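Worksheet: the structure to be examined is printed underneath.
Bear in mind these aren't lab numbers, they're just calculated from the coordinates by the rules spelled out. All of these numbers come straight from a predicted model, not from anything done at the bench. Backbone-built Cβ (ideal geometry, glycine too); neighbour counts: all protein chains shown.
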Amino acid sequence: MKADPGWLLAIESATAVASAALLRNGELRELRTVPLAHPASEALLPTVLALLAGHRVAVVGLDALAVSIGPGSFTGLRVGVATAKGLAFGAGARSLPVPTLAALAAKGASDAPAGARVVAVLDARRGEVYAACYEGADRLSPPVWGPTLATPAELLPRLAVGEGPLHVIGDGVSVLEPVLRESLGERVVWVPAPGGAPDAAWVGRLGFEMLASGAAIDAAELTPRYLRRAEAEVRRTGDRFESV
């Protein structure tokens, strides 16, 4: 394993808009989005390799690799984690499992007002969202609550606590805002996609902080965290949620 931070590759594939980012010593060099015309299963690896080639970085030159581990799209997360594992094994690079909602909240916090709580929300389909709430300057601190899978009605009591500003970011805004805008009033700033979509740049920034804190793991341990079980698993186990 390499000793200094050096080159860090980040992958985000938890939503329909997958991306890859390259950072050097924690500074973003480039973010590339996977073409929407192609599924991540076909286009993610070519996008990553083109990104590396554009900066003359070989796979074996990578020092660390950060990947968004969920919750999010089952297929997207599997593709992203599998790609990250393969590259990390090939590079002998340290691996950083970055919670998708934490990276999205870090993106939201970058332009949220001081003292605001940031709530990251992703559309989980079926009228539900994946959500987690964060506050404070330490982006590696645990969430105030979540991650959880909930309907707007189930989430309202948590969002309504307190009187300070709320910064709600993510493609789950399209699920929550029409139902909750009147209840929550002017204390909420809604940041929907595409501006509020997860991206690999923030996965990389959070991954770099994790690396500095000693949170790297072996690539073999990288595992997606879906939160919701696949329907076949629900029928088999009777449980909607993954065990933690």
> For the stretch 96-139, which trypsin sites (Lys or Arg not before Pro) are in a loop by DSSP, counting at most 10 other Cβ atoms within 10 Å?
Replying inline: Arg126
> Relative contact order, percent, of the stretch 19-61 when contacts are C-alpha pairs under 8 Å separated by at least 6 residues?
Replying inline: 33 percent
>> Tell me the relative contact order for the stretch 101-191 as a rounded percent, counting alpha carbon contacts under 8 Å between residues six or more apart.
In response: 31 percent
>> Please compute the contact order of the chain in relative form: average sequence separation of alpha-carbon pairs under 8 Å and at least six residues apart, divided by the residue count, as a percent.
In response: 23 percent
> Which of Gly162, Gly90, Gly61 moves most in a GNM of the chain, Cα contacts under 10 Å?
Replying inline: Gly162
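If you take every DSSP beta bridge fully contained in the stretch 101-191, what fraction is antiparallel? Give it as a percent rounded to 5.
Given both bridge residues lie in the stretch 101-191, the antiparallel proportion sits at roughly 60 percent.
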> Kirkwood-based Rg over Rh for the stretch 101-191 (C-alpha set), two decimals?
Replying inline: 0.92
> Evaluated at 37 °C with a viscosity of 0.692 mPa s, what Stokes-Einstein diffusion coefficient in µm²/s does the chain have when Rh comes from the Kirkwood expression over alpha-carbon pairs?
Replying inline: 181 µm²/s
> Relative to the longest principal Cα axis of the chain, at what angle does helix 100-109 sit, 0 to 90 degrees, rounded to 10?
Replying inline: 70 degrees
